[in-house]
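S.K.: The structure's right below; bear with me while I get my questions together.
The values are calculated or read from the model by the stated rules, or taken from the named source; none is laboratory data. The structure displayed is predicted, hence computed values, not measured ones. Because the Cβ atoms are built from the backbone with ideal geometry, glycine has one as well, and the counts that use them run over all protein chains shown. Protein only, heavy atoms only, side chains kept; ligands, DNA and RNA dropped before computing areas. Shrake-Rupley method; radii C 1.70, N 1.55, O 1.52, S 1.80 Å.
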Amino acid sequence: MLQFLFYIGFVLQTSAFIAPPDEYACPFPTSKPELDSLRPLAKIYQDEREDGWWPFREVAGRESFVDKTEFIKYFLDTRKQLVLVAPPNFGKSTNLQMLKHFFQIPVDAMGANLTFNMAEKGTFFGKLAICKKHPSICSDYLSSAPVVSLDLESVVGSTPTTFLETFRAEVERVFRAHGYLAKSERLSAFNKEEFASYESHLGDPNRTIAFYKDGIDVLTRLLFVHHRRKCILLVDNFDRLAVAAMLGKDEEYQLPTEVEEIYFSLGETAKHSAFVSRTLLTGVFRMGSHRQGHDDNLLYKSIFADPQISQHFGLTLAEVEALIGRLGRSKDQAAVDLDRIKYHFGGYRICDTQIKIFNTGSVVAYLEGEGIKIPSPPLFRIYKPIFRYEMMGEHLHEAVENGTDLTPQGVISITDLFQLRQAGHMTVANFKGTHNKGLLVQLLQEAGYFTITARKPNGSVHLEIPCVAVKEAYEDLVYHNEFFVTEEEWKKELAANATKNNPRDHKGRKSGS
């Protein structure tokens, strides 16, 4: 009889765990997860790209590391699912790795929790700001949730076939990173068949994108069944899907529809899944599906939009000075380095405040002797014709001189990008630019070619180029060889126009002509 009552109690307790927690309940249990495992550490399931421990530990061990771990508190305090956009090299991927390592429950090859690894993580984070300043967060949330970490950087779109292959490979990689689910005693035989169908395409090589786009939703459900707690969903380079489609050779234009479906599916999982507690998606452009609308549960924000966000990304001037000091520069060399950084990298304004942050990657690369590098987003290879001075360039030129107004779209869809791409095939005579002007300026602003200097009551903003290094990259987009004239031609034109008092000073001369 006692055995029967024990069995009934166990079933009721298990079923209570399986039911999704209340929407407004604490996303994680306050009690500690099961810690003990008798299985040897040698059987830990690991995947080089998926393991969040070593990549972040390596970064944190460098002299150039700046402690941004208090972003964990911001992430927990924000109840909405976040989509953060920023130009490359402002620390988005590093912060994602940090979140992943902090929250992820370390398990062995059978899915049992590992006490030793949890203690090791506690020691590691105990030395960082999040645990020093907020010890209760570490005691309650460290190693507290399964984490699904997706990185879409590897997705390419030279053809629809390669797009499918690379997207499928990334989904399969994420499943393999949780390979212990195939042996989980908590998953049913049907659940394990579901898992196997996504872990490898060898069983059915003819599966389409429509199948794989639902994979992340399936994985979060299976992880919940195993761990009895909601997942955290992290997606890096989420706008890479749009970039891949734009760079592809898709003459039949099938990819826009498929990419739109993927964005919609990811958005639905992020916003409405009963098995996801929190989400963070990061990228350069605020890509998404117009079908998502402006759902309150999915919050798109630039890291430059709020000082509460920006403090966790990029480098303040004080952090740049401290970094230079840690690198052992002499007093004179430190002063030279700081002046050059302020001149070349300028700093990006936070909203309409006087607060500025610097590009982490650019500053660190400069201090490590790699020179001045400003990467150009690959989308601009497609849009190069639109940037010509005769088309949108003149408008952008005026933006450089006098600033321009911008009312950003809440979400940029793949359809928007393809419409802009089609505009690039128009002749100068037929191109008016009014329909695409705002979108093109928004792409430049989100890619880091402009920074916001003022915000008006109607929601529009005033923009300027943030620094010399970015200005050079911007000029490479807007101006082209045919646009510039040689010095001799320029002097002849000045002489010819002298009587009209109308020199072409807005075009000038290309450096080195």
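S.K.: Does GLY157 satisfy being in contact with a helix residue (DSSP H, G or I) (Cβ under 7 Å, 6 or more places away or on another chain), over 21 Å from LEU222 (Cβ atoms) and among the small types (Gly, Ala, Ser)?
M.R.: So GLY157 fits the description; yes.
S.K.: Report, by residue number, each residue of the stretch 393-411 that is part of a loop (DSSP other than H, G, I, E, B) and open to solvent by 50 Å² or more (accessible area, probe 1.4 Å).
M.R.: Selection gives THR407, PRO408, GLN409.
S.K.: Which residues, taken from the stretch 77-113, are open to solvent by less than 20 Å² (accessible area, probe 1.4 Å), touching an Asp or Glu at 6+ places or on another chain (Cβ under 6 Å) and over 19 Å from ARG176 (Cα atoms)?
M.R.: Across the stretch 77-113, the qualifying residues are VAL85, LEU96.
S.K.: Got a number for residues in the stretch 207-227 being assigned to a loop (DSSP other than H, G, I, E, B), crowded, with 18+ Cβ neighbours inside 10 Å and touching a Lys or Arg at 6+ places or on another chain (Cβ under 8 Å)?
M.R.: 0
S.K.: I've got another one for you. Output the number of residues of the stretch 343-370 satisfying the condition of being among the polar types (S, T, N, Q) and either more than 26 Å from LYS301 (Cα to Cα) or open to solvent by 20 Å² or more (accessible area, probe 1.4 Å) (or both).
M.R.: The number of residues fulfilling the criteria is 3.
S.K.: OK, next. When the residues of the stretch 371-392 are narrowed to those that are in a loop (DSSP other than H, G, I, E, B), at pLDDT 80 or above and open to solvent by 30 Å² or more (accessible area, probe 1.4 Å), which ends up nearest to TYR348 (Cα to Cα)?
M.R.: In this case the residue turns out to be PRO378.
S.K.: I'd like the residue in the stretch 300-337 that is polar (S, T, N, Q) and out of contact with any strand residue (DSSP E or B) (no Cβ under 7 Å at 6 or more places or on another chain) and, out of all such residues, is surrounded by the most Cβ atoms within 10 Å (Cβ to Cβ).
M.R.: Looking at the filtered set, the residue picked out is GLN311.
S.K.: Can you find, within the stretch 172-206, the residue that is most open to solvent (accessible area, probe 1.4 Å) among those that are of a type in the set (Asp, Glu) and in contact with a Ser or Thr (Cβ under 8 Å, 6 or more places away or on another chain)?
M.R.: Ranking the candidates gives ASP204 first.
S.K.: Additional query: Test LEU142 against the stated conditions and say whether it is over 26 Å from PRO377 (Cα atoms), within 28 Å of the chain's Cα centre (by Cα) and free of Cβ contacts under 8 Å to residues at least 60 places away in the same chain.
M.R.: When the stated conditions are applied, LEU142 passes them.
S.K.: Quick one: is LEU280 touching a Gly at 6+ places or on another chain (Cβ under 9 Å) and open to solvent by less than 40 Å² (accessible area, probe 1.4 Å)?
M.R.: Criteria not met by LEU280.
S.K.: Moving to a separate point now. With the condition kept exactly as written, say whether any residue in the stretch 242-261 is open to solvent by less than 10 Å² (accessible area, probe 1.4 Å) and not in a helix (DSSP H, G or I).
M.R.: yes
S.K.: So which pairs qualify, if the first residue must be in the stretch 316-333 and without any contact (Cβ under 8 Å) to a residue 24 or more places away in the chain, the second must be in a helix (DSSP H, G or I), the Cβ gap must be under 7 Å, and the two must be at least 6 apart or on different chains?
M.R.: Sorted first by the residue in the stretch 316-333, then by its partner, the pairs are GLU321/LEU338; GLY325/ALA334; ARG329/ASP337.
S.K.: Report every pair of residues separated by at least 6 positions or lying on different chains whose Cβ atoms are under 7 Å apart, first residue within the stretch 156-174 and part of a loop (DSSP other than H, G, I, E, B), second open to solvent by 10 Å² or more (accessible area, probe 1.4 Å) and of a type in the set (Ser, Thr, Tyr).
M.R.: From the stretch 156-174, the pairs are VAL156/THR162; VAL156/THR166.
S.K.: Among ARG291, ARG340, which is within 30 Å of GLN81 (Cα to Cα), free of Cβ contacts under 8 Å to residues at least 60 places away in the same chain, open to solvent by 60 Å² or more (accessible area, probe 1.4 Å) and part of a helix (DSSP H, G or I)?
M.R.: ARG291
S.K.: Has the stretch 352-364 got any residue that is closer than 21 Å to LEU82 by Cβ and not in a loop (DSSP other than H, G, I, E, B)?
M.R.: yes
S.K.: Consider MET426 against the criteria (1) among the hydrophobic types (A, V, I, L, M, F, W, C); (2) under 23 Å from ALA86 (Cβ atoms); (3) open to solvent by 60 Å² or more (accessible area, probe 1.4 Å): it satisfies all of them except one. Which criterion is unmet?
M.R.: (2)
S.K.: Turning to a different aspect of this structure: What single numbered condition from (1) touching a helix residue (DSSP H, G or I) at 6+ places or on another chain (Cβ under 7 Å); (2) modelled with pLDDT under 95 fails to hold for VAL147?
M.R.: (2)
S.K.: Here's a follow-up. Could you run through the stretch 175-219 and say how many residues are of a type in the set (A, V, I, L, M) and touching a residue at least 60 places away in the same chain (Cβ under 8 Å)?
M.R.: 4
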